[in-house]
Structures are given as structure tokens and as C-alpha cells.
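The values are calculated or read from the model by the stated rules, or taken from the named source; none is laboratory data. Predicted model only: the values in this text are computed from it and were never measured. Cβ placement follows ideal geometry from the backbone for every residue including glycine, while neighbour counts extend to all protein chains displayed.
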Amino acid sequence: MPFNLKRLLPQRSKKSSKSNKFGTFDGVFLPTLLTILGAVMYLRTGWVVGNAGLMGGLLIITMANIITFCTGLSISSVATNIRVGAGGSFSIISQSLGLEVGGSVNLPFYLAQAISVAFYIFAFTEGWQSIFPNHPATLVLFAAYGVCYMVAFVSVELAARIRYPILLIISFSLLSAFLGATGFFRAEPLYSPQLWGTFPDGTFWEVFAVFFPAVTGVLAGVNLSGTLQKPRQNIPRGTIGAIVVSYLVYMILAYWTSLVATPEELVNNFTVMVSKAAFGWAIQIGILAATFSAALNSLVGAPRVLQAMAA
């Protein structure tokens, strides 16, 4: 009888393989939402309101989300009419416009995702040093990247499990911010919002350009299409749902910042959320969780795009 190596390897049935795949919430909605709600939300939302005023800030947030919402609708319309394979955006574009266009678009997209990991890790390191200034920056940087790499190397399932505590941390940090406007945690009265700002730090479009990266990341869940149970259903529901929820969070947060601080303080103090929240340490931990989550999502999603192009 000839020796068969496959008989010694563990065999995974189709049923168990399908059961290990993700649905709309954990496969698309959660990674997309956690990528959108990043460090810019904590550090620049108040700055936008301080420059543009409450109505101007809400207008900037709405315009930015209209762009990402149209992107989400485009992805959804294509994903529901084709058989989405692994590789997310590469699979969608290559089946719609051809392999040449899919490769030329997704190669720079992969490079951007890969390079963005370094920026997220640097942001995590700066946030960590704001809490622990005596820790060596180089050690923190390599430790954070090492943890992200090990999680991405082990399995996408482990990355999915880590997203749940990250979601709880970010949710608690936002709750801490909103509680900071209540009378129980705030002794001084709330301020009257300035409806239209004077833009001391730049023009309307310059402020818009600074804020716009806060709403990007809508392809974080699409890139995991190969791990989804029903991509044609999961991608539209998860992507649009994450965009809508993040839009509501930004709108409420903009209104909150206009109540708890003056326009001058919002413009000059990027960490106004730390000082105005009920628990400032929760905001600092939320920044760490947001930057770590963004780095992890990019490190998990980018190789799948490259793998699909090489297949």
C-alpha cells in the first residue's frame, strides 16, 4: 500500500470549515467600525468644531460621510451582483473591470495598507508614552508590532476575538466622554455652542482635509471576504451599518465637544477629551485600543489582497 501523507494530517470537513467563517457583525461590521473610529476621532473632532463651529463641524462630518457612504453603496451594489471571492476589493474590481484594472488598483492599495501599519504603530507608541513617559519608545514600538504580527500570523479567528474587548474599551471611553457633560461629573455649567466658527487654523477645505481620514477604512471588512459565510449579504449590511453607526457617533461627539469647551480651548488643546471626560484615563486607553485595532485590521487584511492577486 503506498504511503499517503494526507492520511496523517487533520482533515477539516466542509461543515466545520463553513462554521468557522464569520457573519455580518464579526466579519464586516466590527472590523470596519473599529477602523473608522480611530485616533482622529479622539484628537481632532474637537479641533474641527473649534475651527468650524457646531454647524460647520456637523457639515464637514456629513460631507465626509456622504463620500464614504457612496463608496459603500458602490461596493454593495457590485458585491450583490457577483460571486465575491477572496481578496475583497481585488475580487470585486477584477470581476467588474478586468484583472488588469484590478491589479493596478489594488497593488497601491495593498502598499498603502501595509505602510499604514507603521503609522498606526507609531501613533500607539506616542499614546503609550503619554501614559508611561519612562518606557523606551523603541521597545514599545517593536513590542506593539510584535503582538500585532503574532495575532495576524496565528489566525484571523484570534484577531476577531480580540476585536470584542477593543469594542468594549472604545465604547466605555465614549461613555466616559458623554458622562463628562452631566452634572454628576461636571461642576461648571455647559457652554453655549458657537454655531459658525472663524477658522483660525485654516480654511474650510483645509479643516475638511484634516478630518476626512477619520471616516476612511470602509474596506476593512471587504478585505476579509474570503472568511465570510455569505459575502453577498455580509458585505453590504456590515459596511453600510458601520458607516451609519460611525456617522452617528461623530455627530454626537461633535455636539458634546461644543458643550464642554470653548472654541479657543478646542482649537489649542488636542487632548480636550481627556480633560473633559468623566474618566480621562478611559480616553487614553481608548486611543491605544483604536490605534492598535487599526494596525491589526490593516495587518490582517492587506496580505489577503496580495494573496488574491498572486493566485
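Listed values, structure above:
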| read-out | value |
| --- | --- |
| Flag if Tyr255 is out of contact with any helix residue (DSSP H, G or I) (no Cβ under 6 Å at 6 or more places or on another chain), of a type in the set (Phe, Trp, Tyr) and farther than 14 Å from Phe29 by Cα | yes |
| Helices (runs of 4 or more DSSP H) wholly inside the range 134-229 containing at least 1 residues that are touching a Leu at 6+ places or on another chain (Cβ under 7 Å) and surrounded by 13 or more Cβ atoms within 10 Å (Cβ to Cβ) | 137-154, 156-179 |
| Filtered residues of the range 121-133 (kept if outside any helix (DSSP H, G or I) and of a type in the set (A, V, I, L, M, F, W, C)) | Phe132 |
| Leading residue by the ranking (modelled with the highest pLDDT) among those in the range 87-120 that are under 30 Å from Phe142 (Cα atoms) and not in a helix (DSSP H, G or I) | Gly88 |
| Subset tally (residues that are of a type in the set (S, T, N, Q), touching a residue at least 40 places away in the same chain (Cβ under 8 Å) and not in a helix (DSSP H, G or I)) for the range 72-86 | 1 |
| Odd one out for Val49, checked against (1) crowded, with 20+ Cβ neighbours inside 10 Å; (2) under 18 Å from the mean Cα position of the chain (by Cα) | (2) |
| Looking only at the range 53-86, and only at residues there that are farther than 30 Å from Val207 by Cα and crowded, with 21+ Cβ neighbours inside 10 Å, the one that is modelled with the lowest pLDDT | Val84 |
